[in-house]
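Just below is one structure, and these are the notes that go with it.
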Amino acid sequence: MRAHAISPEPALRGILEGSQFIDAFSVVSPGPRLDARQAAERALGRSPAWATALLALRDAVVSPLGLKTAHALSDQARIGIFPIVSETAERMIMGFDDDHLDFRVFIDVAPADGGQRVTATTVVRTHNRLGRAYLAVVLPFHRLIVRAMLDQVRA
């Protein structure tokens, strides 16, 4: 089964007090047991070519607005473009705070029938009109990208 939307863990909304957005996607990997870092590296360590092109377009558009680009985060420990906030064997938390919004991505792993469930949850708190506009523009792409990247865990 491919990655699909699920109900997010309610407690995760509290990670960013006052967050306006939360979603979660999940996939079952039939392969060997993965810890959260391994699952995050499989999912987020490489992007499909079309997602990489969208990220380059995003960086070109937001750079003049003073928003952080993927390259601006290069000095932080990260997986793919996502700076690591904290990690345990069961959960990897990535994200950062910016002037327009704060976000966190959680990669959780847990045993499941016939394999292991990997769940990606995204929580976003916007700060201003620019953050709300940005979120509205990226949401349709976010959903496609998260599903595609989670499907890489199964490979």
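Readers should treat all values here as calculations from the given coordinates under stated rules, not as data from a laboratory. This is a predicted model, so every value here is computed, not measured. Cβ: placed from backbone, ideal geometry, glycine included. Neighbour counts: every protein chain shown.
Modelled label positions at Ile81 and His127, each set 7 Å beyond Cα in the direction of Cβ, lie 1.9 nm from each other.
For the pair Phe141 and Arg46, the difference between a 0.36 nm per residue extended length and the Cα-Cα distance amounts to 32.6 nm.
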